Amino acid sequence: MTEPVTIPANLGVIPLTVRRFVIEEVSQITGFTIPSLRNLHRQGKGPLMYRMGKRLYCDEPDLLAWSAQQKAATAKGIGA
């Protein structure tokens, strides 16, 4: 269900394609349940997600950034 999103060049940015995940895909990727992700979203925590209609979406760069923040905040061991 991942749909590429193309950002038009006339918005002042270079056109690029961004993968957009629905909340079910974010759940599969992160291991968080859908209710947990919805709760995190309501609290302003978790990966950046946004609504279009009744669906919650998360762009791949935002999911990767959130994952990197989680790793940096909790990393232990050699090289951490």
Q: Tell me which residues come under 5 Å, amide H to amide H, from Phe21 once H is placed; ignore anything under 5 positions away on its chain.
A: Cys58, Asp59, Glu60
Q | Linear extension gain, Ala75 paired with Lys45, 0.36 nm per residue minus alpha-carbon span | A | 8.9 nm
Q: Using the number of other C-beta atoms within 10 angstrom as an exposure proxy, rank Ile23, Ile29 with the fewest first.
A: Ile29, Ile23
Q.
Starting from 0.36 nm per residue, how many nanometres of slack lie between Ile34 and Ala65 once their C-alpha separation is accounted for?
A. 9.2 nm
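Bear in mind these aren't lab numbers, they're just calculated from the coordinates by the rules spelled out. None of the values given here were measured: they were computed from a predicted structure. Virtual Cβ from ideal backbone geometry, glycine too; neighbours counted across all protein chains shown.
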